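The values are calculated or read from the model by the stated rules, or taken from the named source; none is laboratory data. Keep in mind that this is a model prediction, so the values were computed, not measured. Reconstructed Cβ throughout: ideal geometry from the backbone, glycine too, with neighbour counts over all protein chains shown.
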Amino acid sequence: MTGDASRSVAALGLGNPMRTDDGAGIYAIRKLSDADNLPLGVQVIEGGTLGLELLHHLRGVTHLLVLDVVDTGSAPGTLSRFVDEELAAVPTARSVHLLGLADLLGSMKLLGEAPEEVVLLGIQPESTNWGVTLSPCVDAALSQLLEAAVTQLLNWTAATEEPAPVMASRGLA
């Protein structure tokens, strides 16, 4: 296998678990960090709503997977995938952390530290009101979100010759 030793892959979970479905990205990243099929060498980051404060944690990342809720107006629980330039079309009006993600990626680009590839896997929320449990339809869709996340991470890490050990960053929020 001809791997790319300079490849650094990270999975970032965004959201606020105190706002019902807005916590889906956090719940997903926690499950992903405990998954048996998480590829070796993937840095797992629980980013909450930190925005620009995540800059330090993403230094050197060449491939970034973001898990979050995205209000696209679809049926609750619907999954969406945005890649690179498509991220500019992600609706940010109703999400503080998606605006923070745009700022974060823009800052990384200005600093010359933007990842080579960014993928956002989003799930349509039913509610973002105060509460600490996911709606049934979003909770049911988490397994599909995790499957899509693992597939993306495997695509990126398959070319890596000698993967580094899994690194987890929890409780950054």
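Filtering region 44-65 to residues that are within 15 Å of Asn16 (Cβ to Cβ) and not in a helix (DSSP H, G or I) leaves Glu46, Gly47, Gly48, Thr49, Leu50. Total residues in region 123-137 satisfying the condition of being of a type in the set (A, V, I, L, M, F, W, C) and part of a loop (DSSP other than H, G, I, E, B): the figure is 3.
Screening the candidates Val90, Val66 for the property of being farther than 17 Å from Trp156 by Cα and surrounded by 18 or more Cβ atoms within 10 Å (Cβ to Cβ) yields one hit, Val90.
Contact map, region 19-44: residues that are over 16 Å from Pro125 (Cα atoms) paired with residues that are acidic (Asp, Glu) and assigned to a strand (DSSP E or B), Cβ distance under 9 Å, separation 6+ or inter-chain. Pairs shown: Ile29/Glu46; Arg30/Glu46; Ser33/Glu46.
The set of residues in region 40-97 being polar (S, T, N, Q) and either modelled with pLDDT under 85 or closer than 15 Å to Leu12 by Cβ (or both) consists of Gln43, Thr49, Thr62, Thr92, Ser95. The C-beta contact set for region 48-62 (first residue within 9 Å of Glu113 (Cα to Cα), second residue of a type in the set (Lys, Arg), distance under 8 angstrom, 6+ apart or interchain) comprises Thr62/Arg7.
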